[in-house]
Amino acid sequence: MITIERLNLRAEGVAPGVVVARALPGEEVTGEAVEGRIAQPKILTPSAQRVAAPCAHYKACGGCSLQHARDDFVEEWKTGVVRQALTAQGLEAAFRPTVTSPAATRRRATLTGRRLKSGALVGFHGRASGTVTAIPGCTLLDPALIAVIPALEALVVEGGSRKGEMRLTVTRFAEGIEAAVEDGKPLDTALRIAVPQIAGAHGLARLAWNGEVLLQEAPPTLAMGRARVSPPPGAFLQATPQGESALRAAVVEAVGSAKRVADLFAGCGTFALPLAETAEVHAVEGSAPMLDALNHGWRNASGLKRVTTEARDLFRRPLLPDELAKFDAVVIDPPRAGAEAQIAELARAQVPVIAHVSCNPVTFARDARTLLQAGYRLDWVQVVDQFRWSAHVELAARFVWPHIA
Ligand SMILES: C[S@@+](CC[C@H](N)C(=O)[O-])C[C@H]1O[C@@H](n2cnc3c(N)ncnc32)[C@H](O)[C@@H]1O
């Protein structure tokens, strides 16, 4: 019998010399360890934090990893992950209350499809390696995404190879669902006819196959502030509407009355377009098609201040202090790797306010340390949990140059 001491960053239980799947701190468990991991533990003494998982698929599905814990435990654990990452860099912070997205609100997800001898299986990877779990009763996804699974299955039957898996990214837009298929069979004449027919028959708003749009009834759009934006197929979007609202509210508040703002790693304009209601915004991003979508949304909106865009690799060519000097505030929302090079330049430039959004507490804490060592103050941190029941942690934070309120 072993006792769980804590959770690791994958939300697995940790005991001396072994990790234990889906176990909670303080629990006494037993089970067979394979290569240092107990995958199917028997829980002898359950924690008071343990609850019955709300989803019928939880036992087999690997899509969620924390449904066996109370919501307040998960919230505290995620805050603790950020706090520990900061502590490891010698930093501390004031935390605002966490905002957690409700169940059944994920509007974007990547599912796996596998062709079977007869039919197809579409769902999340299972807990056991090499399996895919069907998820008709999933409690995480927006029901509109679950409703298109029959369409995805039909696409896998038509265009999946028996050997490999297909990645199916589904996104809910105002006009309906987009499916972006990767690793499908190469398009030949027959597939070019069959795939749009399937997508059309199931009422998909847009379908992209290996990066090529094969069906688009009307460009699917999302509201970003006063603008309507039509992102390119499969483009990054915040995972839930509630998560996006919470991050946007945090960014808008952090930026405050700034009149000239740079939005770095701007995507399709999640922050740039709402900020343009009160400030001129320069949006910088690596993907030119995403910036085209942002720009098009801005041009067709009314009442917004000027928005300019720049396609630029911010890892290799960060904005330099002379370019940053003209901004009162910077928003930065990098991918998981963080923004080491750009943060180093921000630290030199001393822009008055930095609104930092991050999906990786470890790289956030590393970059926060650079800013604090340069003289910035960390005003607050807010955890935004839009990956409910997973080990992912997202946050927004405000850094200020010392003389700023
Ligand atoms: C976490 S997303 C944030 C997007 C946007 N702020 C939003 O909330 O929708 C990170 C963005 O960074 C972009 N990106 C990734 N690597 C980059 C790089 N080296 N230079 C510039 N942009 C990059 C991605 O295309 C993506 O749009």
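Bear in mind these aren't lab numbers, they're just calculated from the coordinates by the rules spelled out. Fair warning: this is a prediction, and the values are worked out from it, not measured in the lab. Using ideal geometry, Cβ is built from the backbone for each residue, glycine included, and neighbour counts are taken over all protein chains shown.
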Give the calculated FRET efficiency between ALA201 and ASP322 to the nearest 0.05, with a Förster radius of 60 Å applied to their Cβ-Cβ distance. 0.60
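In segment 2-67, which GluC sites (Glu not before Pro) are in a loop and have at most 13 other Cβ atoms within 10 Å, using DSSP for the loop call?
Details: sites: GLU5, GLU12, GLU27, GLU28, GLU32, GLU35; in loops: GLU5, GLU12, GLU27, GLU32, GLU35.
Sites meeting the loop and neighbour criteria: GLU5, GLU32, GLU35.
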Length released on extending from ASP72 to TRP380, taking residue separation times 0.36 nm less the Cα-Cα span: 108.8 nm
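Can you tell me how segment 203-247 classifies by the Cα gyration tensor, rounded, prolate or oblate, using a/c under 1.5 as the rounded cut? Spell out each step's value before the answer.
On the way: a/c = 2.58, a/b = 1.85, b/c = 1.39.
Prolate shape, in that a/c is at least 1.5 and a/b is the bigger ratio.
Once you charge only the Cβ atoms, +1 for Lys and Arg and -1 for Asp and Glu, what is the size of the charge dipole of the chain about its Cα centre, to the nearest 20 debye?
The calculation lands at about 360 debye.
Report, in deg cm²/dmol and to the nearest 500, the calculated mean residue ellipticity at 222 nm for the chain, where each DSSP H run with n ≥ 4 adds -39500 (n - 2.57) and the sum is divided by the residue count.
Details: 10 runs with 105 residues, N = 405.
-7500 deg cm²/dmol, from helical runs alone.
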Kirkwood-based Rg to Rh ratio, the chain, C-alpha trace: 0.99
Put a dot 7 Å past each Cα toward the Cβ at LYS305 and GLU32; how far apart are the dots in nm? 6.4
Members of LYS117/LYS163; LYS78/LYS259; LYS59/LYS185 lying beyond 22 Å, as alpha-carbon distances in this model show: LYS78/LYS259; LYS59/LYS185
Electrostatic dipole magnitude of segment 116-192 [Cβ: Lys, Arg +1; Asp, Glu -1; Cα centre; debye, to 20]: 320
Size of charge dipole - segment 172-296 - debye, nearest 20, with Cβ of Lys, Arg +1 and Asp, Glu -1, no other charges: 200
Could you work out how much longer the chain between GLU212 and ALA249 gets when fully extended? Use 0.36 nm per residue separation minus the Cα distance between them, nm to one decimal. 9.9 nm
I'd like to know which of VAL99, VAL362, PRO241 lies farthest towards the positive end of the charge dipole of the chain, counting +1 on Cβ of Lys and Arg and -1 on Cβ of Asp and Glu. PRO241
Positive-end residue of ILE332, LEU273, VAL252, charge dipole of segment 219-360 with Cβ unit charges: LEU273
Would you give the gap between the C-alpha center of segment 212-257 and the C-alpha center of segment 321-379, rounded to a whole Å? 23
Placing +1 on each Lys and Arg Cβ and -1 on each Asp and Glu Cβ in segment 337-400, then taking the dipole about the Cα centre, the residue among VAL393, PRO352, GLY375 whose Cα reaches farthest towards the positive end is GLY375
Segment ASP183-ALA52, extension gain: residue separation times 0.36 nm, minus the distance between their alpha carbons: 43.5 nm
